[in-house]
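The values are calculated or read from the model by the stated rules, or taken from the named source; none is laboratory data. Keep in mind that this is a model prediction, so the values were computed, not measured. As a convention, Cβ positions derive from the backbone with ideal geometry for all residues, glycine included, and neighbour counts pool all protein chains shown. These accessible areas exclude ligands, DNA and RNA; they are computed on the full protein's heavy atoms, side chains included. Shrake-Rupley method; radii C 1.70, N 1.55, O 1.52, S 1.80 Å.
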Amino acid sequence: GEGGGEGGGGVVLPIDSLRLYLLMGRELVSAPQASAGSIIGVGGLAGAVRKCGTLSSEPDCPPFEPMRLAGAPIVQVAVEPTDISSLPTLEAGLRRLDDSDPALETATLPTGELVLRACGEVHLERCLHDLRTTFAPGVELAISPPIVPFREGLAPEADGSATAATAGRHASLAVRAARLPDSAAA
């Protein structure tokens, strides 16, 4: 079933007629079974699993934890079709694109605006290319300039430090922040 998260949970859905595909370079080869260590694709999961799920022949199997990605989406664009009659196709394409990329976020804002949030400029370009060519081909898109949110806060008397490291602990960054003297801030 889909989900999982802290403390198990999730939804158990029976799925019939799964199809297995061996990934052989750029090819998908249909296969009746796969051996341990094979890299496979599974067909027939549409509507049952979105970004992550645990497949098991046993209904009591606890769900695996979802993949935790080190980065978070930092760049956002609004997308809309140039022809409003293409809106349902674009929305369906955005859902499929969102399902295919665990690092991507798509949302519909309260204003009705459709937004794509990606992990950087290259990731955004790749997602827009996939949207145009694979997930919503033929839909002419109007795309806003990228927005990178900038968040800051104020504290009356704040000094602090923080250290962050990459997932593999190969690099780390230490930062110390201190209030500027009033003479420098003027």
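Non-local amide H neighbours of I74 (under 5 Å, H modeled in plane, Pro and chain starts lacking H): which ones?
A118, C119, G120
Which whole-Hz ³J(HN,Hα) couplings does the stretch 16-28 yield from phi under the Karplus relation 6.51 cos²θ - 1.76 cosθ + 1.60, θ = phi - 60°, glycine and proline marked x?
After applying 6.51 cos²θ - 1.76 cosθ + 1.60, I find 9, 6, 6, 10, 9, 9, 7, 8, 10, x, 8, 9, 10 Hz.
Take every Cα pair under 8 Å in the stretch 60-124 that's 6+ residues apart, average their separations, divide by the length, and report that relative contact order as a whole percent.
Here the relative contact order equals 41 percent.
Taking all protein chains in place and a 1.4 Å probe, what share, in percent, of the accessible surface of the stretch 68-116 do carbon and sulfur account for?
Solvent-exposed carbon and sulfur of the stretch 68-116 make up 54 percent of the total.
Given R₀ = 30 Å, FRET efficiency for A184-L109 by Cβ-Cβ distance, to 0.05?
Numbers: r = 39 Å, r/R0 = 1.31.
Here the calculated transfer efficiency is 0.15.
Set the Förster distance to 45 Å, then compute FRET efficiency between V12 and R176 from the Cβ-Cβ distance, nearest 0.05.
0.35
Please find the FRET efficiency linking A167 to Q33, where r is the Cβ-Cβ separation and R0 is fixed at 35 Å, and quote it to the nearest 0.05.
So the FRET efficiency works out to roughly 0.55.
Karplus couplings for the stretch 130-139 from phi (6.51 cos²θ - 1.76 cosθ + 1.60, θ = phi - 60°), rounded to Hz, Gly and Pro as x?
5, 4, 5, 9, 10, 8, 9, x, x, 8
Whose amide H sits under 5 Å from the amide H of L141, counting only residues 5 or more places off or on another chain, with H placed in the peptide plane?
Amide H to amide H, under 5 Å and 5 or more residues apart or across chains, L141 pairs with T82.
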